[in-house]
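Quick notes on the structure that follows.
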Amino acid sequence: MFIYQNNGASYGEKSSTDFLLKMLKPNCLKISFPNSHYKGYNPETTYLKHNGIIVKRFCDYHDSNVIKDYLLGKSESDVVSSILDIEYYSNDFIWENAKNSLSELRKREMITDIIISDFIEENWTKIKLFHSMNHPTNLVLLEIADRILTNLGLPKLNTAERNSQQTNIQIQVILN
């Protein structure tokens, strides 16, 4: 059995899904699940690239608003003031961003056996589901695991274990 997320050659040729799938026996059971990527909580998060390569010098993620304002020549105090404004993003923008992020995830799910977008759509305003756009919380990972187990005809994970994951989670989605 091979359970996997689709990875391109950017992770290294021998770590790519295409390479690994060719290594499997023809009768190997394969189950794919999507790369859990969701920008609903952090629409500002982006990668900074130079010649198509992600710049990781300070960190992988950067604030697109800070970059935009810097390129516009705004002062440091103006940049800080604007991104600290609680009304920086309108309600319409927040909902549209969440919708677009889910739409992108659904496109990725078209080539997978397991889907997770419905769970995210149902819960993103109730429970914190992602630490950052590419880093789901344990709740999302547990849900994916349950869906894989269901796909295999096996029982789901312990419900008490899942509930204990929810006790210390906070979420802040501000809507005017």
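Values quoted throughout were computed directly from the atomic coordinates according to the rules given, and no laboratory measurement underlies them. As the structure is a computational prediction, the values presented were derived from the model and not from experiment. All Cβ positions, glycine included, derive from the backbone under ideal geometry; neighbour counts span all protein chains shown.
Entry note, the chain: the mean residue ellipticity at 222 nm calculated from DSSP H runs of n ≥ 4, each adding -39500 (n - 2.57), is -12000 deg cm²/dmol after division by the residues and rounding to the nearest 500. When you count the other C-beta atoms within 10 angstrom of each residue and take the mean per peptide, 15-25, 131-141 line up highest first as 131-141, 15-25. Electrostatic tally near SER81: other residues with Cβ closer than 13 Å to its Cβ, Lys and Arg +1, Asp and Glu -1, net -4. If you sort the three axes of the alpha carbon gyration tensor as a ≥ b ≥ c, you get a/c of 1.5 or more for the chain and a/b no higher than b/c, which makes it oblate.
For the listed residue pairs LYS126/LYS156; LYS39/LYS68; LYS39/LYS156; LYS14/LYS99; LYS14/LYS128, the alpha carbons are over 26 angstrom apart in LYS39/LYS156; LYS14/LYS99; LYS14/LYS128. Relative contact order, whole percent, for the chain stands at 23, derived from Cα pairs under 8 Å and 6 or more residues apart.
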